[in-house]
Amino acid sequence: MTNKFPENFLWGGAISGSQADGGWNEGGKGLNTQDLRYFDADWNRAQRDENRNINMTTELFNKALTDTDLEHYPFRWGNDFYHTYKEDLRLLSEMGLKVFRTSITWSRIFPKGDETEPNAEGLAYYKSMFEEAKRLGMKVFVTILHYDTPVHLITEYGGWKNRQMIDFYVTYAKALYENLGDLVDFWLPFNEINASKFNPYNGASIIKDQEENYEQAIFQATHHQFLANALAIKAGKEILPDAIFGGMIARFESYPATSHPDDVMQSILDENYTNYFYIDVMARGKYPSYTKRMFDSKGISIVIEDGDLEILKANTIDFISYSYYMSMVSTTSKEHEKTSGNLVSGNKNPYLESSEWGWQIDPVGLRISLNQMYDRYQLPIIIAENGIGARDVVEDGKVHDDYRISYLNSHFEQMAEAIADGVEVLAYTMWGIIDIVSCGTIEMSKRYGVIYVDRDERGHGSNERIPKDSYYWYQKVIETNGEDLSY
Ligand code: BG6
């Protein structure tokens, strides 16, 4: 079939502040949780993967608070976007990008997180960035919190399990609406609000060894984030009546491993607990009935105060958003072969190829998930992240990343199929459009971009930007509004 994308379809690209910006101690910025994540370029594959899974310990956290050895903290230097954003946005606009997604770093606006007056220098940085994007003809899609919570909110308040976080967050969101509101087209209060379940440090700033009841803390923190999300939408609509708000998850498509009814049931449970629960609350405005059994079985009893459920009910999202990288399978069998994936490891699907990091490549899964999500919520969808992390090589000043083009090609074909199925897809923001530090394993060598950044895992390099073959391919895709996906 010919690929048909709606007129004005928003072809985009995405990054996050902590993975791209650098400038970790500039512009009045305070330390945040991502600045403290340690990495060693001499680690082997297993150690790198283990580092992703152990999250954070009190010992590592405390050491990082005063550690000034930059080499081991890649989030402190990223790809230097803090200094190169004008040039990077120019390259993106020359490719034809229609929408640019990034996140605001809370600790640039409120360095400690509990102040009442925002840091003017931090606001000026984003104002300049967004004005530049607009000047170049791109829409701006902002994530208000993408994992980088100010550290003072952890040392002083214990992070998201503390209800006071809601007020601090809403104060922060209001400062953004008041100062940057006219430059932003789409708002996403939280990146992947289901991340707390899989990576509680990133998602909810929870340090495991400090919790007596880890799961309880995670779901209490999630409740606070649901409320913060709802109250941020409420404040946003009061200050900016036309503002559009989305709710985002990391989408873990999970097929039954076999047609055995137990596997089918397991797949329903996995879908409910890892995916739907979070969007159900944000889109339908209430805790779904299956959460009671989930909480009871884990002995979790979260505190829901009077009025909380009304807040959730009254302030729901306008669009659905999710990251989609891979799929898994669900089974009750303990013997099933395992593989890695975004945020989680899971069961291997014998029909799929995997990336070098073990993430199973499943373009049809994108079409399936789009159908499922649209059918369930009947709200427009933005694919906020999708792409492939790979080890790119520069040869004679060029990067021949045919594997990335092939990945994008097959996912775009399936997105077009989903649109033909009747799914309303507003935009697609390809992940890591310029090479950035990987979030899970903190490796600069796991690259997603269509623009190469000359920086190694120790932060050394010329920092030069080199458009890859995929840059020119994506340029053609955008120019033809997806009709020409050939390569
Ligand atoms: C998403 C995150 O879950 O996955 C991004 O929102 C992250 O921040 C992306 O970069 C890809 O994961 P990774 O670990 O390969 O960087």
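The values are calculated or read from the model by the stated rules, or taken from the named source; none is laboratory data. From a predicted model like this one, the values you see are computed outputs, not experimental measurements. FYI the Cβ positions are ideal-geometry reconstructions off the backbone, even for glycines, and counts take in every protein chain you see.
To keep it simple, each residue is scored yes or no on (1) closer than 22 Å to Ile433 by Cα; (2) part of a helix (DSSP H, G or I); (3) modelled with pLDDT of 95 or more.
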{"position": "Gly27", "(1), (2), (3)": "no, no, yes"}
{"position": "Arg48", "(1), (2), (3)": "no, yes, no"}
{"position": "Ala64", "(1), (2), (3)": "no, yes, yes"}
{"position": "Lys86", "(1), (2), (3)": "yes, yes, yes"}
{"position": "Arg90", "(1), (2), (3)": "yes, yes, yes"}
{"position": "Met129", "(1), (2), (3)": "yes, yes, yes"}
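Output the residues belonging to region 29-46 that are farther than 18 Å from Glu443 by Cβ and in a loop (DSSP other than H, G, I, E, B). Passing the criteria: Lys29, Gly30, Leu31.
Residues in region 453-481 that are within 16 Å of the ligand (Cβ to nearest atom) and either of a type in the set (Phe, Trp, Tyr) or within 24 Å of Ser93 (Cβ to Cβ) (or both): Val453, Arg455. Look through Thr68, Thr33, Thr57 and report the one residue that is within 16 Å of the ligand (Cβ to nearest atom) and on the phi < 0 side of the Ramachandran plot. After applying the criteria, what remains is Thr33. Considering region 184-213, and only residues there that are touching a strand residue (DSSP E or B) at 6+ places or on another chain (Cβ under 6 Å) and closer than 23 Å to Lys29 by Cα, the residue that is farthest from the ligand (Cβ to nearest atom) turns out to be Val184.
Evaluating Ile320 against the criteria (1) more than 16 Å from the ligand (Cβ to nearest atom); (2) over 30 Å from Arg48 (Cβ atoms) leaves one unmet condition, (1). For region 375-391, the tally of residues that are buried (at least 20 other Cβ atoms within 10 Å of the Cβ) and out of contact with any helix residue (DSSP H, G or I) (no Cβ under 8 Å at 6 or more places or on another chain) stands at 4. When region 300-326 is limited to residues that are over 25 Å from the mean Cα position of the chain (by Cα) and of a type in the set (D, E, K, R), the one that is farthest from Asn194 (Cα to Cα) turns out to be Asp306. Of all the numbered requirements in (1) away from the ligand (no atom under 16 Å from the Cβ); (2) assigned to a loop (DSSP other than H, G, I, E, B); (3) buried (at least 24 other Cβ atoms within 10 Å of the Cβ), Ala173 misses one, and that requirement is (2). Selection of region 181-209 for residues being among the charged types (D, E, K, R) and either at positive phi or not in a helix (DSSP H, G or I) (or both) yields Asp185, Glu192. The residues on offer are Ser445, Ser462, Ser470, and the sole one that is outside any loop (DSSP other than H, G, I, E, B) and modelled with pLDDT of 95 or more is Ser470. Take Ser297 and tell me if it is polar (S, T, N, Q), modelled with pLDDT under 95, part of a helix (DSSP H, G or I) and more than 23 Å from the chain's Cα centre (by Cα). Spelling it out, Ser297 is indeed polar (S, T, N, Q), modelled with pLDDT under 95, part of a helix (DSSP H, G or I) and more than 23 Å from the chain's Cα centre (by Cα). I'd like to check something: does region 44-66 contain any residue that is under 18 Å from Met129 (Cβ atoms) and not polar (S, T, N, Q)? So far as region 44-66 goes, no, none of its residues is under 18 Å from Met129 (Cβ atoms) and not polar (S, T, N, Q).
Restricting attention to region 131-150, the residues being surrounded by fewer than 24 Cβ atoms within 10 Å (Cβ to Cβ) and part of a loop (DSSP other than H, G, I, E, B) number 3. Of the residues making up region 154-169, those that are on the phi < 0 side of the Ramachandran plot and crowded, with 20+ Cβ neighbours inside 10 Å are Ile154, Trp160, Lys161, Met165, Ile166, Phe168, Tyr169. Take the residues in region 274-298 that are aromatic (Phe, Trp, Tyr) and free of Cβ contacts under 8 Å to residues at least 60 places away in the same chain; name whichever of them is nearest to Asn347 (Cα to Cα). If we take residues in region 274-298 being aromatic (Phe, Trp, Tyr) and free of Cβ contacts under 8 Å to residues at least 60 places away in the same chain, then Tyr290 is nearest to Asn347 (Cα to Cα). Within region 379-390, residues that are over 17 Å from His146 (Cα atoms) and among the small types (Gly, Ala, Ser) reach partners that are more than 9 Å from the ligand (Cβ to nearest atom) and in a strand (DSSP E or B) with beta carbons closer than 9 Å, at six or more positions or on different chains, in the pairs Gly387/Met430; Gly389/Arg447; Ala390/Arg447. Going by the structure shown, is Gly365 within 16 Å of the ligand (Cβ to nearest atom), more than 20 Å from Ser196 (Cα to Cα), of a type in the set (Gly, Ala, Ser) and at pLDDT 95 or above? In short, yes. Here Val303 meets each of (1) assigned to a helix (DSSP H, G or I); (2) among the aliphatic types (A, V, I, L, M); (3) surrounded by fewer than 16 Cβ atoms within 10 Å (Cβ to Cβ) with one exception, condition (1).
Across region 320-354, the number of residues qualifying as modelled with pLDDT of 95 or more, surrounded by fewer than 23 Cβ atoms within 10 Å (Cβ to Cβ) and touching a Gly at 6+ places or on another chain (Cβ under 8 Å) comes to 0. If you check Asn32, Asn3, Asn55 for being out of contact with any His (no Cβ under 7 Å at 6 or more places or on another chain), in contact (Cβ under 8 Å) with a residue 24 or more places away in the chain and surrounded by 23 or more Cβ atoms within 10 Å (Cβ to Cβ), only one passes: Asn32. Against the conditions (1) charged (D, E, K, R); (2) out of contact with any Asp or Glu (no Cβ under 6 Å at 6 or more places or on another chain); (3) within 26 Å of Ala46 (Cα to Cα), Glu413 satisfies every one except (3). Scanning region 310-326 for residues that are in a loop (DSSP other than H, G, I, E, B) and in contact with a Phe, Trp or Tyr (Cβ under 7 Å, 6 or more places away or on another chain) yields a count of 4. Total residues in region 392-433 satisfying the condition of being part of a strand (DSSP E or B), within 16 Å of the ligand (Cβ to nearest atom) and more than 25 Å from Phe319 (Cβ to Cβ): the figure is 0.
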